[in-house]
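Some notes on the structure that comes next.
The values are calculated or read from the model by the stated rules, or taken from the named source; none is laboratory data. The structure displayed is predicted, hence computed values, not measured ones. Please note: Cβ atoms are built from the backbone with ideal geometry, for glycine as well, and neighbour counts cover all protein chains shown.
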Amino acid sequence: MADAQKKEIVTIFANKKILGANAEYARKVREILKVKQVFCINLISSPGSGKTTLLVETLQKLRGKINCAVIEGDQQTNNDAIRIAETGVPVVQINTMRSCHLNANQILEALKSIPLDEIDLLFIENVGNLVCPADVNLGEDEKIVLLSVTEGEDKPQKYPLAFSASDALIITKIDLLPHLRFDLESCVSYARSVKKDIRIIKTSCFSTDGLSEWVKYLESKLLCDSYKNL
C-alpha cells in the first residue's frame with residue numbers, strides 16, 4: 001500500500017530558467033545597441049567604491065566630446081540618479097527593491113526611455129555588490145569592476161568572478177593611500193592572478209590622478225570601429 005501511494009517528484013531547475021530568460025533579454029539589448037551603434041559599459045563594485053562619483057567626473061570630462069546616458073541601479077532611492085541628472089545627461093533609475101543586481105529585462109525596459117539615436121556611450125551603474133552582478137549578462141559590451149583602496153587588497157581573490165569577468169579594473173580613491181594600510185602592489189598582483197590581461201587604471205576623483213587615462217580608455221572604445229560589430 002505504501003508503494004502505491006508514492007508519487008513522482010518533479011524537479012524544477014529554476015536557476016536555469018531564470019538565466020535562460022535573462023540571456024534572451026540580454027541578446028535583445030545587445031541587438032538594439034548594435035543597431036544604434038551605442039557602446040555599453042556595465043559598472044560593478046561593492047557599495048561605497050565611488051562608482052557614482054567617478055561617473056559624475058567622467059560625464060563632465062566627456063561633455064562636448066562623447067554623448068552619454070546612464071542607467072542607475074539601486075535597491076531603493078533615486079539619490080544617485082539625481083546626481084547624474086545634474087550633469088545634463090539622460091538618466092533612468094531602476095529600483096530593484098530586494099534584488100541585489102540588475103537584470104537584462106530591466107535594461108530592455110529602460111532603453112525605451114533613453115534617446116538612443118542621440119548617444120554614443122551608455123553606462124549602467126549596477127547595484128553595489130561584487131557577487132550577483134558579476135554573473136548576470138545585461139547585454140553590455142564590457143564589464144568594468146571598481147575597487148577602492150578603502151577595501152581589502154585581496155578582493156580579487158575573494159570575489160574572482162567579478163574580476164575575471166571584467167575587461168578593466170578601476171582602483172579608486174588612491175589619494176587616501178598615505179592614510180591606509182592598503183597594499184597597492186599586492187592588489188594589482190591578485191587581480192592579475194585572476195585575469196592576466198585585465199586593464200588596471202588607478203584613479204582619484206579628489207586629486208584627478210588617473211582620470212585622463214580613464215577617459216582615453218573610454219574614447220578608444222568609440223574611436224575603434226570594431227565596437228559596432230560586437
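Output yes when any residue across the stretch 85-95 is out of contact with any helix residue (DSSP H, G or I) (no Cβ under 9 Å at 6 or more places or on another chain), assigned to a strand (DSSP E or B), surrounded by fewer than 21 Cβ atoms within 10 Å (Cβ to Cβ) and without any contact (Cβ under 8 Å) to a residue 60 or more places away in the chain, and no when none is.
As a first pass, look at the stretch 85-95 and keep what is out of contact with any helix residue (DSSP H, G or I) (no Cβ under 9 Å at 6 or more places or on another chain): 85, 95.
Among the residues that remain, those that are also assigned to a strand (DSSP E or B) are: 95.
Cutting the leftovers down to surrounded by fewer than 21 Cβ atoms within 10 Å (Cβ to Cβ) gives us 95.
Okay, now just the ones that are also without any contact (Cβ under 8 Å) to a residue 60 or more places away in the chain, so 95.
Within the stretch 85-95, one or more residues are out of contact with any helix residue (DSSP H, G or I) (no Cβ under 9 Å at 6 or more places or on another chain), assigned to a strand (DSSP E or B), surrounded by fewer than 21 Cβ atoms within 10 Å (Cβ to Cβ) and without any contact (Cβ under 8 Å) to a residue 60 or more places away in the chain.
Here is a yes/no grid of residues against (1) more than 11 Å from the chain's Cα centre (by Cα); (2) part of a helix (DSSP H, G or I); (3) closer than 24 Å to ASP80 by Cβ; (4) at pLDDT 95 or above:
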site	(1), (2), (3), (4)
PRO133	no, yes, yes, no
LEU147	yes, no, yes, yes
GLU153	yes, no, no, yes
TYR190	yes, yes, no, yes
| remark: Inside the stretch 45-82, the number of residues satisfying the requirement of being modelled with pLDDT under 95, β-branched (Val, Ile, Thr) and in a helix (DSSP H, G or I) is 1
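Within the stretch 180-193, identify whether any single residue is at positive phi and in contact with a helix residue (DSSP H, G or I) (Cβ under 8 Å, 6 or more places away or on another chain), and answer yes or no. Break it down into steps so the answer makes sense when it comes.
Going through the stretch 180-193, the residues at positive phi turn out to be none.
Within the stretch 180-193 (the criterion being at positive phi and in contact with a helix residue (DSSP H, G or I) (Cβ under 8 Å, 6 or more places away or on another chain)), the answer is no, since none of the residues qualifies.
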| Do you know which of the residues in the stretch 52-90 that are more than 15 Å from the chain's Cα centre (by Cα) and among the β-branched types (Val, Ile, Thr) is nearest to LYS216 (Cα to Cα)? | ILE66
| said: Quick test for you: out of GLU125, GLU140, pick the one residue that is crowded, with 22+ Cβ neighbours inside 10 Å, among the charged types (D, E, K, R) and over 19 Å from GLU31 (Cβ atoms). | reply: GLU125
| request: Test LEU222 against the stated conditions and say whether it is within 22 Å of ARG30 (Cβ to Cβ), modelled with pLDDT under 95, in contact with a Leu (Cβ under 9 Å, 6 or more places away or on another chain) and not β-branched (Val, Ile, Thr). | output: yes
| message | Six or more apart or on different chains, Cβ atoms under 9 Å: show the pairs whose first residue is in the stretch 63-81 and within 16 Å of CYS100 (Cβ to Cβ) and surrounded by fewer than 20 Cβ atoms within 10 Å (Cβ to Cβ) and whose second is hydrophobic (A, V, I, L, M, F, W, C) and modelled with pLDDT of 90 or more. | response | GLN75/VAL127
| Residues satisfying the stated conditions in the stretch 97-122, i.e. within 14 Å of GLU72 (Cβ to Cβ), surrounded by fewer than 17 Cβ atoms within 10 Å (Cβ to Cβ) and not charged (D, E, K, R) | SER113
